[in-house]
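A short write-up of the structure that comes next.
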Amino acid sequence: MPRRFAWTAFCGAVLLGLLTHCGVEEQTKKLNSAQVLNIVCGHEDANPVLKKGCEGKSCVVEGHVFGKEVAYLWLDDGDLESANLILEDTWPVPRFDPIHLPPPLTWTEDPYDEKFWRYVFYGLRPTAHLLWAFRETGDRRYRDKLMDVFKSFAADARSSVFSQDKHGTAYRAMVLVNSYWKLKHADALSKQEAKLLEQLIFDDARFLEDPENFEAGFNHGFAEAAALLLISENFPRHPDAPYWRDLALARYDGLLSDIIGSDGFIIENSVYYQFYVFTQVYQLAKWAQTHGVELPAQVGPALDRMARFASYVVQPDGHIPMLGASQRLLVRKHQPVLLARMGAVFPELAHMLTAGMCGNAPTERLAFFESSGVAVLRSSFDPSLDYRAQTHLVFDMGPYRTDHSHLDALNVVLYSAGRTLLADSGMFTEEPGEEEDYFRSTRAHNTVTVDGLDQREGHATPNLSAKGGEWLYQSGFHTLYEGVHHWRAVMVLEKDVVLVLDRLISEGSHRFEQRWQFQPDLTVSTQGTSASVADETGKRVLQVVQALPEGLFVSMVRGATGPFDGWYSEDYEVRKPSTVLVYTREGTQAHSATLFTSGLNAMSPARVSAMPWPDGVKVFVCAAGRAYLIRVERPAKADEAVTITSAPAACEQEVGILGSF
């Protein structure tokens, strides 16, 4: 039976976003790491009692209950440094250096010529620092600056094309609703100012209600629907409030069905945006429960599915694999109190967030997520072992579904021995151009290119999932190159020992390039067709050994610009040169058996040999003194089969062994 979303676990819990003050009392201190751990492990009672800032009449103003004005808790956050910068007309926007914008603002500013900056700035999100600073200190300079910005926006911004961004408008509406009621509860908003903010809020609601301004096909829709719901619930006397409410809920219901896959992974195939949506849906669900708002019934099951995917896909060190349009994200330090509360609800998520210190360990070392075509292979979840040192492999065999997908069918991301070893190159930018094209391209991923071209947009097909003893096996295939059939199988034979098999068959001759991407701090050296990968200290962290060396050519590329190749980006608009190890073979067929050994096994000799035949392949592996005999029959067929046997003594008997089994 699937586990139901445990709403009862929330009883008595006080969300961090509600631990705020209506007036100017002293702000509750932030929780330390031990207190956060208490929350995720279900021991919140051990924490000091947190004083709720809103008491008595200030909690209910004009029938409005304090706290209802904000659903996404980070919109209630801020810092004095950023607020003080804005007092000096210097604007902080995440991912960019703060920039001075001389007053008066014209609302045509675009200093970086970059749409993310515009999305944040014209969404008025930096003003949250001013609201936070006013509530923290009681200094009216912050309140007055906040209102000056809103008045300026009301006077001039409606004619600005930048203010019409759909996603940005949703966040601007939420910022305005939060500011309106926070100032009302603090008795710091005049009637004239209230009227101005109401006009801005209702203008945004009318913009958001327009079907042309609702982005139903990807994650932006969640914020757009939530903003419309927030407006309707915070201004119930507005004549359009019932319509806005029903429209928002209908849209949200559709998003839960259409964007969150049946396996819990969003259709954008981005692990970064997975957590963006997961935390949004959770927060809106908790907000709705707190304030008696009935959300669609499928919210709970959708959160269950997303939590399961999150529990498996995150690497042992807490970072995400950067599949699709993803950036670096260390989940264990991302909104830690919010995620701690989520971990208290989802035990497998708690296990991941605490590196096995509490919660329930996932039970499947090979977890296959059917609708996304993603498989996660893991050496162990046993908390008595070294959690961060485990081998964790993500194999992407899924469909190309949205513009946030990359052309990366059969891509592999490998983490082992404490770090990412085979990396996804990341996203870098959403601005059209050669750089965006590169980071989306097939050559920027750990798969095989044909004639230097990209795969076409389309579906790969997962095939056989199998396991036995320590070993795990997953295969898949695609035909995303005209006339070429590519089958790949990945195996975790044991911790720190991974095998990848490739089989490409075509009628005509082609140039096949098997490509392996490394992070910028890793140095790659080759000897014959084998490669050694070392970290900044010179320590070998990975060994790459190829079978079938005849006719196989090895090369490397790093930081090329004509065309772009050999780049890595874990932060938006920041790219670094990184090494790509390329194995090239020409002909009508290409067969590869690539062995990766890491940790202590990277320091020991390893061998791999293979014998392909028309209906399968035999492989012999020797690593760290242990031998494996692998036999795959009928690859890519419905009745594909694999046999893997361990034969320690066979390491000394490699000659002729492939013909004997």
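Annotations for the structure displayed:
- Test for residue 158: is it at negative phi, in a helix (DSSP H, G or I) and modelled with pLDDT under 95: yes
- Taking the criterion of being among the aromatic types (Phe, Trp, Tyr), crowded, with 19+ Cβ neighbours inside 10 Å and touching a Gly at 6+ places or on another chain (Cβ under 9 Å), the only residue of region 135-175 that qualifies is 171.
- Restricting attention to region 211-261 and to residues that are in a helix (DSSP H, G or I) and among the aromatic types (Phe, Trp, Tyr), the residue that is nearest to the chain's Cα centre (by Cα) turns out to be 222.
- Filter result (polar (S, T, N, Q) and in a loop (DSSP other than H, G, I, E, B)) within region 429-449: 429, 441, 446, 447
- Residues that are charged (D, E, K, R) and not in a strand (DSSP E or B), drawn from region 541-578: 550, 573
- Considering only residues in region 271-293 that are touching a residue at least 24 places away in the same chain (Cβ under 8 Å) and not in a helix (DSSP H, G or I), the one that is surrounded by the most Cβ atoms within 10 Å (Cβ to Cβ) turns out to be 293.
- Test: residue in region 51-67 that is under 25 Å from residue 171 (Cα atoms), crowded, with 19+ Cβ neighbours inside 10 Å and at pLDDT 80 or above: yes
- Of all residues in region 382-405, those that are in a loop (DSSP other than H, G, I, E, B) and at pLDDT below 95 total 12.
- Of all the criteria given as (1) farther than 28 Å from residue 431 by Cα; (2) part of a strand (DSSP E or B), the one not satisfied by residue 538 is (2).
- Identity of the residue in region 450-497, under 25 Å from the mean Cα position of the chain (by Cα) and of a type in the set (Ser, Thr, Tyr), that ends up farthest from residue 590 (Cα to Cα): 465
- Taken over region 235-270, residues that are surrounded by fewer than 23 Cβ atoms within 10 Å (Cβ to Cβ) and in contact with a Lys or Arg (Cβ under 6 Å, 6 or more places away or on another chain) amount to 1.
- Under the condition of being assigned to a strand (DSSP E or B), surrounded by 22 or more Cβ atoms within 10 Å (Cβ to Cβ) and among the hydrophobic types (A, V, I, L, M, F, W, C), the residues counted in region 582-609 number 5.
- Subset of region 367-392 (residues that are within 15 Å of residue 466 (Cα to Cα) and in contact with a Phe, Trp or Tyr (Cβ under 8 Å, 6 or more places away or on another chain)): 367, 369, 374, 375, 376, 377, 378
- Pick from region 409-436, criterion touching a residue at least 60 places away in the same chain (Cβ under 8 Å) and over 23 Å from residue 316 (Cα atoms), ranking: surrounded by the fewest Cβ atoms within 10 Å (Cβ to Cβ): 434
The values are calculated or read from the model by the stated rules, or taken from the named source; none is laboratory data. All figures in this text were calculated on a predicted structure; none of them were measured in a lab. Because the Cβ atoms are built from the backbone with ideal geometry, glycine has one as well, and the counts that use them run over all protein chains shown.
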